[in-house]
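Asks: Okay, here's the structure, questions in a sec.
The values are calculated or read from the model by the stated rules, or taken from the named source; none is laboratory data. Note that the coordinates shown come from a computational prediction; the quantities given were computed from them, not determined experimentally. Cβ: placed from backbone, ideal geometry, glycine included. Neighbour counts: every protein chain shown.
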């Protein structure tokens, strides 16, 4: 059985490493559905209990996939999903968290996941047109109805986190956090600890960059999420590869993979942090789980942090950054 951690004051207990499932719905290149299902089953065998999805992944495909793969295992797993995008004709066309939409989205997620409750429900992105108190108010109603157990936010800023938490306890914030994306450290992480909210980092391996598998943005097809990643473009890619070489060399010396070392770094940042590295293959899943056994010295942590202190390029392009609440 894997080590577990607790998110939030209410203590949602999950495996110390979860599984981000987005890539199983063709957002990081083509996915093999049979291998994806085998990866989900292998995760359960290894003791992974925390599975992350969203209605917009696919759209809808990812929740349906999890619903099929986790059938018969519901009492062994913690399912997190997200709402917050307007989807028409199978395309995401904007952000919306109007209360009627939230209720309809959750009903759809329950149906696709084949369950009568969601363990952790996130607002995927802050909707500037709807006060956060109204959004969390309807989310709280879903808790009282027994359709949701715990509430979370994704990519929310400090002001909205505080207002949301005052409306109904927030268990977790999901946001990007890794050796090469540390924007949460100055303000958000201290506030989460003040309020007793856990952190669920997505892309803890920098969308493959820290694991050594990333290519230049232009080498990915337009359908791949990384095709528009500024940090993988042109001179940024070259500079960032040079920065990451320190982690690669350290990993070689220790006999582990660069991704395992980068994931171990995230795990060392606090027991209230549960990363959800995404993969659609059993081999990478097994590597990620094994990272929990790696211990890092203070000197190693400092060396890794200093080598990646200055990353070239913004984390998203302007269009994607516009949806991040800060």
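Asks: Would you be able to tell me the number of residues in region 295-312 that are within 16 Å of residue 210 (Cα to Cα), assigned to a loop (DSSP other than H, G, I, E, B) and either under 21 Å from the mean Cα position of the chain (by Cα) or free of Cβ contacts under 8 Å to residues at least 12 places away in the same chain (or both)?
Replies: Selection size over region 295-312: 3.
Asks: In region 57-77, which residues are free of Cβ contacts under 8 Å to residues at least 12 places away in the same chain and at positive phi? Steps first, please.
Replies: First, pick out the residues of region 57-77 that are free of Cβ contacts under 8 Å to residues at least 12 places away in the same chain: 72, 75.
The one that is free of Cβ contacts under 8 Å to residues at least 12 places away in the same chain and at positive phi: 72.
Asks: Moving to a separate point now. Would you check which residues across region 280-291 are surrounded by fewer than 18 Cβ atoms within 10 Å (Cβ to Cβ) and under 19 Å from the mean Cα position of the chain (by Cα) and list them?
Replies: 281, 286, 290
Asks: For region 234-292, which helices (runs of 4 or more DSSP H) that fit wholly inside it have 1 or more residues that are free of Cβ contacts under 8 Å to residues at least 24 places away in the same chain?
Replies: Answer list for region 234-292: 234-254, 282-290.
Asks: Which one of these is modelled with pLDDT of 95 or more, crowded, with 18+ Cβ neighbours inside 10 Å and more than 22 Å from residue 19 (Cα to Cα): 251, 244?
Replies: Details: 244 fails: modelled with pLDDT of 95 or more.
Exactly one residue qualifies, and that residue is 251.
Asks: Turning to a different aspect of this structure: Against the definition (without any contact (Cβ under 8 Å) to a residue 60 or more places away in the chain, touching a helix residue (DSSP H, G or I) at 6+ places or on another chain (Cβ under 9 Å) and over 23 Å from residue 23 (Cα atoms)), how does residue 173 come out, yes or no?
Replies: For residue 173, the condition - without any contact (Cβ under 8 Å) to a residue 60 or more places away in the chain, touching a helix residue (DSSP H, G or I) at 6+ places or on another chain (Cβ under 9 Å) and over 23 Å from residue 23 (Cα atoms) - is not met.
Asks: A further question follows. Identify, from the list 103, 163, the residue that is without any contact (Cβ under 8 Å) to a residue 60 or more places away in the chain, touching a helix residue (DSSP H, G or I) at 6+ places or on another chain (Cβ under 9 Å) and over 13 Å from residue 83 (Cα atoms).
Replies: 163
Asks: Return yes or no: is residue 201 surrounded by fewer than 22 Cβ atoms within 10 Å (Cβ to Cβ), in contact with a helix residue (DSSP H, G or I) (Cβ under 7 Å, 6 or more places away or on another chain) and modelled with pLDDT of 90 or more? Explain how you work it out, then say what you get.
Replies: On the way: surrounded by fewer than 22 Cβ atoms within 10 Å (Cβ to Cβ): no; in contact with a helix residue (DSSP H, G or I) (Cβ under 7 Å, 6 or more places away or on another chain): yes; modelled with pLDDT of 90 or more: yes.
Answer is no for this residue.
Asks: Same structure again: Restricting attention to region 13-51, and to residues there that are within 21 Å of residue 74 (Cβ to Cβ) and either assigned to a strand (DSSP E or B) or free of Cβ contacts under 8 Å to residues at least 12 places away in the same chain (or both), which single residue is nearest to the chain's Cα centre (by Cα)?
Replies: Checked region 13-51; the qualifying residue nearest to the chain's Cα centre (by Cα) is 20.
Asks: Which of the residues spanning region 240-272 are over 28 Å from residue 29 (Cα atoms) and in contact with a strand residue (DSSP E or B) (Cβ under 8 Å, 6 or more places away or on another chain)?
Replies: 270, 271, 272
Asks: Quick one: how many residues across region 306-321 are touching a helix residue (DSSP H, G or I) at 6+ places or on another chain (Cβ under 8 Å) and on the phi < 0 side of the Ramachandran plot?
Replies: Looking only at that region, the number is 10.
Asks: Please go through region 89-133 and give me each residue that is out of contact with any strand residue (DSSP E or B) (no Cβ under 8 Å at 6 or more places or on another chain), under 20 Å from residue 61 (Cβ atoms) and modelled with pLDDT of 95 or more, ordered by number.
Replies: Correct list: 104, 107, 108, 111, 112, 114.
Asks: Got a sec? Which of 80, 54, 10 is touching a strand residue (DSSP E or B) at 6+ places or on another chain (Cβ under 8 Å), in contact (Cβ under 8 Å) with a residue 40 or more places away in the chain and outside any loop (DSSP other than H, G, I, E, B)?
Replies: Exactly one residue qualifies, and that residue is 80.
Asks: Among the candidates 13, 63, which residue alone is modelled with pLDDT of 95 or more and over 21 Å from residue 198 (Cβ atoms)?
Replies: 63
Asks: Same structure again: Quick check, is residue 230 without any contact (Cβ under 8 Å) to a residue 12 or more places away in the chain, over 30 Å from residue 150 (Cα atoms) and touching a helix residue (DSSP H, G or I) at 6+ places or on another chain (Cβ under 9 Å)?
Replies: no
Asks: Residue by residue through region 204-229, note down the ones that are at pLDDT 90 or above, surrounded by fewer than 13 Cβ atoms within 10 Å (Cβ to Cβ) and in a loop (DSSP other than H, G, I, E, B).
Replies: Residue satisfying the conditions is 221 alone.
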